[in-house]
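Asks: Got a structure here, written out as structure tokens. Questions coming.
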Amino acid sequence: MFRKVLVANRGEIALRVLNACRELGIRTVAVYSEADRNSLHVRFADEAICIGPPRLAESYLNVPAVISAAEIADVEAIHPGYGLLSENANFAEVCRASNIKFIGPPPEVTRLMGEKEKARQAMKKANVPILPGSDGVIATAGEAQTWAETVGYPVILKAKAGGGGRGMRIVRTPEELPNHFHAASGEAANAFGNGELYMEKFIERPRHIEFQILADEHGNVASLFERECSIQRRHQKLIEEAPSLKVTSSLREELGQMLCRCLAEIGYQNAGTVEFLMDEDGQLHFIEMNTRIQVEHPVTEAIAGVDLVKAQLRIAAGERLDAILPAKLEIRGHAIECRINAEHPQKFTPSAGQITVFNVPGGNGVRVDTAQYAEGVVPPYYDSLIAKLIVHGNDRAEAIAKMERALSQFVVRGIETSISLHQAILRDPGFRAGEFDTKFMENFLAEKAGSRSGTIMAP
Ligand code: MV4
């Protein structure tokens, strides 16, 4: 196992990774920006190094600053957490050149999955179901029209270098295709420095379902079941759960095996998430792969009984999956996560400032991942996620009851949070019945805005 690891992140995930290291007997090094001087990830690491001013580009995204810190502290490995440098293949290459182990897949694999169209072809080759669409990128609007005829309208144009919803255009008629093609291409060129597009059949009201994968460095791959992530707004997930009510055990088994074979073929290593859209017939279609640990990993940890961050560290240190995982992976109960954001619960505007009261719920089956505390400060420079509330029950109904109880005991004052929004979602009959798709929040917010009081929240 590593002697010393640097955590190249901040907030709850930095603390989450530091905790895993601590429990494995690994010395820890935190890096921080000037805005995070008083953060818990700094306080609870064995060593901490300031890497620059508050702005991300000058601190947490500053590759030379992070690498210098790693060299000064003499670490053997870097854990990137999620976001920031976690899916940056160039960073992983600099780590490799500096003789520092990057805790994640090899840069070649990250690069392959970053080119969404190549990832799609790789999945297709391994018989993983993909949506009807173009084979490779589309050069011109005319070519796009030809593909759209074969696929059938509506279609969606996506950026090859994209992901996470940017640079996408839904096209419903041949007439509007040329305009959408040029707009999407321009937006992609602007956002990703690459205007290349590909096309897929558009699914109207999909569910977002993703599979958690672990792969060791000896060619072994395991599927740790799926998460349901359809409760989102503008591509920001709000609530995730595991398992999905809509994935049958045969589908889970079959797709899990297929993914393991495919990812072994590709040479995948470490933790990864394969994203699917589920159509109205309950069929899953691959859309993209994320080559990192995800925000919502704790719901999988709860139902699978596996510490995914410890698994990442042990895999990167060369251990084999059969030494890390139980002999037989099984789903136990049901888990739900609410992302507690520092933002207005209806307007979604960020709410930075000093926290005055921070009462965290606990008890059987309740987990809170946070780096916040009473008198802590939420800086205006970063992501609004301040805590994740995760509950684990014997079934979904028990998990919902536990979540409602825990939310009612989660008290944050000084800043605004999404806690009351989560309480309102949990009361929704559609949510309670498990009947929802990726349009849920749009409908939910429109309905509440139209209601008599105009407010979602109970007093
Ligand atoms: C789609 C789609 C419908 N059909 N692809 C949005 C983010 C990116 N990862 C993929 N996205 C979508 N791709 C086809 N062929 C609908 C979405 C989509 C979506 C997907 C998952 C979760 C939330 C979403 C919200 C809007 C659109």
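The values are calculated or read from the model by the stated rules, or taken from the named source; none is laboratory data. On a predicted model such as this, the values are computed, not experimentally measured, just so you know. Here Cβ is always computed from backbone atoms with ideal geometry, including for glycine, and neighbour counts include all displayed protein chains. These area figures cover heavy atoms from the full protein model, side chains too; ligands, DNA and RNA do not enter into them. Shrake-Rupley method; radii C 1.70, N 1.55, O 1.52, S 1.80 Å.
Asks: Once each part is reduced to its C-alpha centroid, what is the distance from the stretch 218-278 to the stretch 1-46 in angstrom?
Replies: Their Cα centres are 28 Å away from one another.
Asks: Around residue 271, which amide H atoms from residues at least 5 apart in sequence, or from another chain, sit under 5 Å from its own amide H, with H modelled in the peptide plane?
Replies: Amide H to amide H, under 5 Å and 5 or more residues apart or across chains, residue 271 pairs with 215.
Asks: OK, next. Run the dipole for the chain about the Cα centre, Lys and Arg Cβ at +1, Asp and Glu Cβ at -1, nothing else charged, and hand back the magnitude in debye, nearest 20.
Replies: Dipole magnitude for the chain comes out near 740 debye.
Asks: Considering only protein heavy atoms and a 1.4 Å probe, what is the carbon-and-sulfur percentage of the accessible area of the stretch 293-379?
Replies: The computed percentage sits at 47.
Asks: Once you keep just the Cα pairs under 8 angstrom separated by 6 or more residues, what percentage relative contact order results for the chain?
Replies: Averaging sequence separation for qualifying contacts and normalising by length gives 14 percent for the chain.
Asks: On the protein heavy atoms, probe 1.4 angstrom, tell me the percent of accessible surface of the stretch 76-161 carried by carbon and sulfur.
Replies: 52
Asks: Using a Cα-Cα cut-off of under 26 Å, which lysines could be cross-linked to residue 160, ignoring same-chain neighbours fewer than 8 residues away?
Replies: Hits, sequence-local ones excluded: 116, 118, 124, 125, 201, 237, 439.
Asks: For the stretch 87-148, what does the relative contact order come out to in percent, with C-alpha contacts under 8 Å and a separation of six or more?
Replies: 22
Asks: For a quick check of understanding: with a 1.4 angstrom probe and all protein chains in place, what accessible area in square angstrom does residue 428 have, to the nearest ten?
Replies: 20
Asks: How far is it, in nm, from the label point at residue 150 to the one at residue 354 when both lie 7 Å from their Cα along the line to the Cβ?
Replies: Taking the two extended label points, one gets 6.3 nm.
Asks: Hey, if we sort 368, 299 by accessible area with the 1.4 Å probe, largest down, what's the order?
Replies: 368, 299
Asks: Further question: Report the gain in length on full extension from residue 176 to residue 257: 0.36 nm times residue separation, minus Cα-Cα distance, nm rounded to one decimal.
Replies: Length gained between residue 176 and residue 257: 25.1 nm.
Asks: Which order do you get for 158, 124 if you rank them by accessible area with a 1.4 Å probe, largest at the top?
Replies: Most to least solvent-accessible, the answer reads 124, 158.
Asks: Still on this structure, please answer the following. Using a cut-off of under 18 Å, list every residue of the stretch 176-217 whose amide N is near the label point 7 Å from the Cα of residue 141 along the Cα-to-beta-carbon line.
Replies: From the stretch 176-217, the list is 176-190, 195-199.
Asks: Within the stretch 1-55, what whole-number % of the accessible surface is contributed by carbon and sulfur, with the 1.4 Å probe and all protein chains included in the calculation?
Replies: It is 44 percent, rounded to a whole number.
Asks: Counting only C-alpha contacts under 8 Å and six or more residues apart, can you give the relative contact order of the stretch 248-329 as a whole percent?
Replies: 20
Asks: Let me ask you something else. Would you compute, for the Cα atoms of the chain, the largest minus smallest coordinate along each principal axis and list the three values in descending order, in whole Å?
Replies: Principal extents (Cα only, largest first): 60, 60, 46 Å.
Asks: Also, quick follow-up: Send over a whole-number figure in Å² for the accessible area per residue of the chain, probe 1.4 Å.
Replies: That works out to 41 Å² per residue.
Asks: Mean residue ellipticity at 222 nm from the helices of the chain, using -39,500 (n - 2.57) per DSSP H segment of n ≥ 4 over the full residue count, to the nearest 500 deg cm²/dmol?
Replies: Helix contribution divided over all residues of the chain: -10000 deg cm²/dmol.
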